[in-house]
Each structure stands twice: as C-alpha cells, then as structure tokens.
1. Please check: in the Gaussian network model of the chain (C-alpha springs, under 10 Å), which one of Ala254, Ala46, Ala175 has the largest mean-square fluctuation.
2. What ³J(HN,Hα) values, in whole Hz, does the Karplus curve 6.51 cos²θ - 1.76 cosθ + 1.60 give for region 175-187 when θ = phi - 60°, with x put for Gly and Pro?
3. Highest GNM mean-square fluctuation, the chain, Cα pairs closer than 10 Å: which of Phe145, Phe36, Phe344?
4. Leaving out ligands, DNA and RNA, what percent of the accessible area of the chain is carbon and sulfur, probe 1.4 Å?
5. Calculate how many DSSP beta bridges within the chain are antiparallel, expressed in % of all such bridges and rounded to the nearest 5.
6. Taking +1 at the Cβ of each Lys and Arg and -1 at the Cβ of each Asp and Glu, which of Val242, Val337, Ile253 sits farthest along the dipole of the chain towards its positive end, judged by Cα position relative to the Cα centre?
7. Taking every alpha carbon pair in region 49-94, what does the distance histogram look like in 10 angstrom bins from 0, in percent?
8. Kindly identify region 199-239 as rounded, prolate or oblate by the Cα gyration tensor criterion: order the square roots of the eigenvalues as a ≥ b ≥ c, call it rounded if a/c is under 1.5, otherwise compare a/b with b/c, prolate if a/b is larger, else oblate.
Amino acid sequence: MISNQILSNIIDGIKNISRIDMCVTDTEGKMLVTTFNDTDSVEKSAVSFAKSPADSQTVSEFQFFKVMEDNQLEYILVAKGNSDDVYMVGKMAVFQLQSLLVAYKERYDKDNFIKNLLLDNMLLVDIYSRAKKLHIDIDVRRVVFIIETENEKDVNALETIRGLFASKSKDFITAVDENNIILVKEVEEDQTYDDMDKIANIILDMSNTEAMAKVNIAYGTMINDIKEVSRSYKEAKLALDVGKIFYSDKKVIAYSKLGIGRLIYQLPLPLCKMFIKEIFDGKSPDEFDEETLTTINKFFENNLNVSETSRQLYIHRNTLVYRLDKLQKSTNLDLRVFDDAITFKIALMVVKYMKYIEKTDF
C-alpha cells in the first residue's frame with residue numbers, strides 16, 4: 001500500500017496544478033487524505049460506490065473513481081465538481097495512483113525475493129525463475145554488506161543508506177531483523193576489495209554524520225551468481241561476529257581479512273580449554289599484569305622487533321629484554337622465537353574467544 005504521506009503529496013500536487021479538490025478513501029469509505037473539509041457525505045457515498053460495478057460515478061457535486069490494481073479495488077478517488085474537466089483530471093489522478101501501486105508492488109516483491117534469497121528459503125529453480133520475472137540480473141558480481149545499528153529499527157540509518165544508493169537501481173536494501181540493514185551491492189568488473197572498504201567507510205561516515213547512528217559494518221566475498229548471495233550474506237554475518245571478538249577497535253571488517261580469527265571462531269570450547277591448559281598449565285595468558293600485557297601487544301604490533309618496541313614503549317632495550325626473559329620463565333615461551341610468538345598470539349585470541357562464548361551463553 002502507498003503511504004498516506006505520498007497519497008497526500010500526490011493529490012496536493014494535482015490540486016496545485018488543476019485547482020480541483022480531491023480526496024482518497026479506502027475500500028470501506030474511510031478517509032485517508034483530502035484537500036477539503038466536510039467529507040462526511042463523501043465517505044457514505046464511497047461505501048455504496050465501492051459495492052457498485054461502475055468504474056466511475058457522479059454523485060451530487062462529486063465524481064467517484066475506482067483505483068484498481070490487478071483487478072482488485074485498492075482506493076476510491078473523489079474529485080469535487082461534475083464538469084468534464086474534473087472528470088479528466090480525476091482519470092489522470094487514477095492513472096497516477098495505479099502506476100504507483102504497480103511500482104510499490106514490484107518493489108515489495110523484490111524485497112521479499114531478496115530476503116528469501118539471503119535466508120536460503122528458496123529452491124534453486126525458483127531463484128532463477130523469480131529473478132527473471134522481477135527483471136533481476138542473475139550473473140553479475142555482487143557483495144553483501146551488513147550494517148549493524150546500535151538501536152533497533154533505526155529508521156534514520158535506513159533512510160540514509162537508501163539515500164546513498166537510491167540512484168543505483170540494481171542495488172537492494174532490506175532488513176531481516178531489527179538491528180541489521182542489508183545492502184546487496186552490485187560490483188563493477190574493475191572494483192576490488194579496497195573499493196568495498198571505501199564504500200563501507202562512506203556508509204559509516206554518512207551514518208555517523210547524517211543519521212547520528214553508531215554502526216558496525218561487515219561484508220562478505222564477491223560472488224558472480226545470484227544463487228551465491230546467501231553465501232556472501234553468511235560470510236558478512238560471520239565477519240560481524242568475529243570482528244566483535246578479535247577486532248573490536250574496527251568499525252568495518254571484511255570476511256576476507258579475518259585471518260586466524262575465523263579459524264578460532266569455529267573451534268569447539270572444550271578444545272580451546274584443552275589448548276590453554278596444555279600451553280599454560282592451567283593458567284590463562286590474560287592473568288598477566290597490565291604492564292606485561294602492554295609489552296606483549298606492542299611487541300606483536302612491531303613484528304617482534306625489540307628496538308622499535310622499546311622505542312615506542314619509551315623504555316631501554318635492556319628493560320624490554322628483561323621483561324621478555326621474565327615472561328619466558330613463567331610460560332616457557334620466548335616471544336623472540338617465531339614459533340613461541342605464534343603460540344602465544346593464538347593463545348591470547350583463544351582466551352578472547354572463550355570469554356565471548358561464556359558471556360553470550362550466560
């Protein structure tokens with residue numbers, strides 16, 4: 001159905017051009033929008049007119065018109081006046097409303113199709129036949145973005161994103177739950193994942209500045225067939241979850257850049273606990289004091305470079321060496337050795353994952 005705001009804009013616009021008052025009722029005669037007062041008699045006559053077989057009818061000083069869509073009555077348009085000019089303007093208004101109904105239905109059908117496609121609710125044969133009927137290309141490159149909003153049903157964020165991609169008729173914007181806005185974006189042949197990062201950051205900036213909404217954005221891999229849209233969507237969902245655990249400082253995360261975090265996320269909890277117990281003899285690497293953890297993280301950030309790490313920590317090289325030696329004695333892992341450093345890094349990520357699982361399960 002067309003919103004009352006749009007109905008009002010249409011008949012106000014027609015009145016401004018033609019200077020003919022109009023109103024629109026539903027099929028039961030209830031007034032939806034009007035440009036004039038004293039509509040009681042119109043509502044009563046509209047009920048009788050809806051039951052008649054006529055497409056149009058003149059009653060007193062009003063002309064009634066049926067607005068149909070697929071042979072079904074949707075609205076009753078009433079034009080004030082009984083001249084031929086009023087009749088012509090009324091018929092033009094009916095044509096406008098019926099054209100909008102067709103457009104809205106097509107948009108609604110496409111939205112339903114995309115939702116079912118994302119959620120894997122369609123058979124393969126149905127995907128191709130429905131796409132053909134809706135004039136949706138099946139073999140173009142696409143990628144799925146998920147824009148997670150802080151507030152449920154964030155209308156401002158949704159409208160901002162729609163505004164960004166309104167001119168892109170082959171992009172689809174929908175929602176499958178109350179916190180996530182989904183963008184199925186068509187990708188040009190020469191576009192890369194760097195371009196997807198730029199698009200994601202534009203959405204992020206516009207959401208922050210225009211909609212005043214805090215969002216997190218994730219996207220999947222590029223796909224070449226419409227049947228693979230659901231895969232890109234699942235990848236984006238996974239990226240969103242993994243990003244919250246291992247990359248919480250990032251507002252944009254790509255599935256292709258999850259690295260080892262994607263592997264750890266799929267490990268069962270008992271296996272993670274066994275790994276931590278074997279490596280640290282029942283201790284947890286996050287039990288170290290703040291100074292030690294800061295040193296470890298900075299050492300990893302600088303690719304195990306002792307000189308650069310000590311410079312950034314504003315400490316003497318020997319002080320850093322002392323801290324690493326102390327850590328080695330307590331864990332039997334020397335972070336200056338690549339294999340030990342990898343083990344420790346994975347352990348830190350496993351502990352983060354375990355805490356996240358325990359928190360969400362609770």
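1. Between Ala254, Ala46, Ala175, it is Ala46 that shows the largest mean-square fluctuation.
2. Here the 3J(HN,Hα) series is 8, 10, 8, 7, 10, 10, 9, 10, 10, 9, 9, 6, 10 Hz.
3. In this elastic network of the chain, the residue with the biggest mean-square fluctuation among Phe145, Phe36, Phe344 is Phe36.
4. Details: 10180 of 20530 Å².
Roughly 50 percent, rounded to a whole number.
5. Numbers: 36 of 39 bridges.
Counting only bridges with both partners in the chain, antiparallel ones make up about 90 percent.
6. Going by the Cα projections, it comes out as Val337.
7. 30, 57, 14
8. On the way: a/c = 3.47, a/b = 2.45, b/c = 1.42.
Since a/c reaches 1.5 and a/b is larger than b/c, the shape of region 199-239 is classed as prolate.
The values are calculated or read from the model by the stated rules, or taken from the named source; none is laboratory data. Remember, predicted model here, so these are calculated numbers, not experimental data. Please note: Cβ atoms are built from the backbone with ideal geometry, for glycine as well, and neighbour counts cover all protein chains shown. For the accessible areas, the whole protein counts, side chains as well, though only heavy atoms, and no ligand, DNA or RNA atoms are used. Shrake-Rupley method; radii C 1.70, N 1.55, O 1.52, S 1.80 Å.
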